[in-house]
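S.K.: First the structure, which I've put down as structure tokens, then a few questions once you've had a look.
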Amino acid sequence: LTVVAEKTGYPESMLELGMDMEAELGIDSIKRVEILAAVQDQAPGLPPVDAGHMGSLRTLGEIVEYMRSLMGGASAAPVEASAPVEASAPEVTAPSLGRYVLDLAPAPAVGLAKPGLHGPGGVLVTGEPTIGAALVRELESRGLRARCVDAGALAQFEAATAVVYLGGLREVADEAQALAINREAFALARVLGPRFADDGGLLVTVQDTGGGFGLEPCAGTRAWLAGLPAMIKTAKQEWPKASLESVDIARGQQTPAELATAIADELLRGGGEIEIAISAIGERRTLKSTRVEVGEASFASPIGRGDVVVVSGGARGVTAACVIEWARRCQARFALLGRTRLEP
């Protein structure tokens, strides 16, 4: 309890062994590791702990009982006298750390339409009226039912089965306008959510952040539209039955009709990726995570001697260890903000 109090800031007097660590105390997996390390410092004879099993324990009391069993306490399982006892757990070689960076990889269209596109309710196109009208005409010319609706009239979406949100293609004069588009899309997703979670459906967002999801140059103000693909990936976790996609298409000098053709091609022939970038010359790419070995020379740090880094919380444990190593390498100055008492 003393260790938990030190690591969480809760007074020891209010802690009880029956408390749920996550629900009541907000102790996440990283904080559990810090608490365990501190307990092992106080009990140097504690045998190695199974971190995977630790993660399944819910209350402080369960952790106490688990550690007591490791130390041969009252709750430990009996051991036959003839059974050999290992002095220590077998040594496990941990995999080397990896640094992962995002790259754009070619993703040729596979010729498959998005699931839900041909539903009986047709396709609702919203968010940008000019390109939206062109997209409706293009979809109708290919045999689909489609119509433009106002993104603000949320009641119209309560029975929708397929929605294409084009708000990310609107012109934005400043950060506030870009953030308003994120909020508009989120309001729409909240209306669709209950039904899409149970029955599935199609939601596609389209934006112009340079046709590269921020990995290639784009206008600074438009970078604030990056909440749209984040929302789509979150919705995919919450609506496993739904079909979702985020498209980043570089408008460049393309007309609304040309953009409509490219978007219709993606809907009808693209495939199953959740994130697709379409360049100004029509190159279709998706995001992939590439492993890069960690090393002092593997990448250039933007922080150097004389820079000031503000670290909020984490004066002990894994955060402190990381900051100490970082300081050793870059010789910056670090300002530590927190409630832990300063000690030598």
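The values are calculated or read from the model by the stated rules, or taken from the named source; none is laboratory data. Note that the coordinates shown come from a computational prediction; the quantities given were computed from them, not determined experimentally. Because the Cβ atoms are built from the backbone with ideal geometry, glycine has one as well, and the counts that use them run over all protein chains shown. To get the accessible areas, we keep the full protein, side chains included, count just its heavy atoms, and leave off ligands, DNA and RNA. Shrake-Rupley method; radii C 1.70, N 1.55, O 1.52, S 1.80 Å.
S.K.: Once each part is reduced to its C-alpha centroid, what is the distance from the stretch 207-265 to the stretch 99-142 in angstrom?
M.R.: Between the Cα centre of the stretch 207-265 and that of the stretch 99-142, the gap is 10 Å.
S.K.: Based on DSSP H runs of at least 4 residues, each adding -39500 (n - 2.57), what is the mean residue ellipticity at 222 nm of the chain after dividing by all its residues, to the nearest 500 deg cm²/dmol?
M.R.: -10500 deg cm²/dmol
S.K.: Here's something else I'd like to know. Find, to one decimal place in angstroms, the Kirkwood hydrodynamic radius of the chain, where the mean of 1/r is taken over every pair of different Cα atoms and then inverted.
M.R.: Computed over Cα pairs of the chain, the Kirkwood hydrodynamic radius comes out at 24.6 Å.
S.K.: Report, in degrees rounded to the nearest 10, the 0 to 90 angle that the Cα long axis of helix 256-269 makes with the longest principal axis of the chain.
M.R.: 60 degrees
S.K.: On a 0 to 90 degree scale, rounded to 10, what angle separates helix 175-199 from the longest Cα axis of the chain?
M.R.: 80 degrees
S.K.: Given a 1.4 angstrom probe, what's the average accessible area per residue across the chain, in square angstrom?
M.R.: Per residue, the chain has 57 Å² of solvent-accessible surface.
S.K.: On to the next question. Go ahead and set up a Gaussian network model of the chain, Cα springs under 10 Å, then flag whichever of Tyr165, Tyr66, Tyr100 fluctuates most.
M.R.: Tyr66
S.K.: Sorted by accessible area (1.4 Å probe), largest first, how do Asp198, Asp208 line up?
M.R.: Of Asp198, Asp208, the descending order of accessible area is Asp198, Asp208.
S.K.: In addition: For helix 60-70, what angle does its Cα long axis make with the longest principal axis of the chain, in degrees from 0 to 90 and rounded to 10?
M.R.: Result, in degrees: 50.
S.K.: Students often forget the sequence filter, so: which lysines lie under 22 Å Cα-Cα from Lys288 once same-chain residues fewer than 8 apart are removed?
M.R.: Lys114, Lys233, Lys236
S.K.: Would you mind putting 126-132, 338-344, 152-158, 36-42 in packing order, based on average other-beta-carbon counts within 10 Å, highest first?
M.R.: The peptides rank, most packed first, as 126-132, 36-42, 152-158, 338-344.
S.K.: Could you grab the relative contact order for the chain? Cα pairs under 8 Å, six or more apart, rounded to a whole percent.
M.R.: Relative CO of the chain lands at 18 percent.
S.K.: May I pose another question? Run through the DSSP bridge list for the chain and note the antiparallel percent, rounded to the nearest 5.
M.R.: The answer is about 30 percent antiparallel.
S.K.: Once amide H atoms are placed 1.01 Å from N in the peptide plane, what residues at a sequence separation of 5 or more from Phe334, or on another chain, have their amide H within under 5 Å of its amide H?
M.R.: Val309
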